[in-house]
Structure formats: C-alpha cells, structure tokens
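The values are calculated or read from the model by the stated rules, or taken from the named source; none is laboratory data. Quantities reported herein were computed from a predicted structural model and do not represent experimental measurements. Ideal geometry is used to build each Cβ from the backbone, glycine not excepted, and the neighbour counts take in all protein chains shown. Side chains included, ligands, DNA and RNA excluded: accessible areas come from the protein's heavy atoms. Shrake-Rupley method; radii C 1.70, N 1.55, O 1.52, S 1.80 Å.
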Amino acid sequence: QKRRQLAVIVGILITPTLAFTVVDLAASEQSAARILALLAVRIAVVAIAILIILGVARLKDERRFDLAVPVISYVVVALVPGVHLLRPAPFITQYLVEVILIIGLHAVLPARWTRQLGPSLLITGAGIVLLFTWHTGYDVFEQVAVVVVVVLANAIGIAVGWRERWLEARVRELAARELESRLA
C-alpha cells in the first residue's frame, strides 16, 4: 500500500509539471535558451519521477523503502527552485503546486511526519525567499497571501500527517491488546 501511495503522489506531481510546461511555453516571451532550460528541467522531473516509481517497485525490504522515501522527497525539493527560476517572474502559479506538494508530503507520502517536515519546510523556505527576490512584481498583499497559504499548507499537512500516524499507532495498540486478551 505504501508503494502505491508513493506512485500516486509521484503521478500527481508529474501532472502539474507537464501542464505548467505547456502554459509556460504558450505564455512566455523568453529566450530560446531559457525555454530549452525550462524543458530540460521538466524532462528531468518526469524522468526522475519514472525512475522513482521503478526503483520503489523493486525495493523488497520495508526498511529500505522507509529510508528511500525521504531521499526521494529531498530530490523533489531540490528541483523546486529550478522550476521557479526558469518560469517567468510574473508567474505565481508554481506556489499552487507547492501547496499541493507540501500537503502531499505530509498527508499522502508514506513516511513518519518528522521525515516529511524537512522537505516541506525547505520547499516553504525556498519558495518564500524566491517570492521576495524573484517574483518581485507582486504587491505586499499578494506576497502575504502566498506566505499565509504556504504556511497554512504546512500546518494542515503536519496536523493530518501526525493524526494519521497517531491513528496507525492506536490501531496497532488495540490489536496488541486484543491479541493479549485472546491469549489470556
């Protein structure tokens, strides 16, 4: 089930990557070199996603799988600033993808919430820095709105992820008590 969850979230992340590539190319008045760099990053994102899905499918050991998930998260996080910098500065839609990614890291990705926190906070930090350094054409209200939404996405993701893990622990505890009572 964890492998399926990971495959689903990777698939979900590929969709906006491809959709925004089309939007970026159609609405962009960038140089040919910048458009090629944008396409290269997007192709890298899709290739990495496919490699992740294939690699995770081959992992037989649960422990290795649990260690691979945070590594995958950090790989995805490393690509986020590149996507920001290759998109035209007035485009702010990448923050919508970040919100989906942050919530996905917390709520869907099969890892302990403490392992999910690092990548989501790095995405948040990089996004906020780029908001004030790269996406400078927005007024204060738009910038505050983006910061609030991204911070709320982290708060919601942390709460959902923590609750999910708490429920899993509670179910294990109840199962152990039931087994114990049957054996007694």
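How many residues, within the stretch 30-81, are farther than 21 Å from SER120 by Cα, not hydrophobic (A, V, I, L, M, F, W, C) and not in a loop (DSSP other than H, G, I, E, B)?
Of the residues in that region, 6 qualify.
Show the residue pairs meeting these rules: Cβ distance below 7 Å; 6+ apart or different chains; first residue within the stretch 83-110 and within 15 Å of ARG34 (Cβ to Cβ); second residue at pLDDT below 70 and among the acidic types (Asp, Glu).
Listed pairs, sorted by first residue: ARG87/ASP24.
Select from the stretch 68-96 the residues that are among the small types (Gly, Ala, Ser) and surrounded by fewer than 15 Cβ atoms within 10 Å (Cβ to Cβ) and write down the one among them that is modelled with the lowest pLDDT.
The selected residue is ALA89.
With part of a helix (DSSP H, G or I) and touching a residue at least 40 places away in the same chain (Cβ under 8 Å) as the only criterion, which of VAL171, VAL151, VAL147, VAL160 stands out?
Selected residue: VAL160, the only one of VAL171, VAL151, VAL147, VAL160 that is part of a helix (DSSP H, G or I) and touching a residue at least 40 places away in the same chain (Cβ under 8 Å).
Kindly provide the set of residues from the stretch 117-141 that are part of a helix (DSSP H, G or I), under 17 Å from VAL97 (Cβ atoms) and open to solvent by less than 80 Å² (accessible area, probe 1.4 Å), ordered by number.
The answer is PRO119, SER120, ILE123, THR124, GLY125, ALA126, GLY127, ILE128, LEU130, LEU131.
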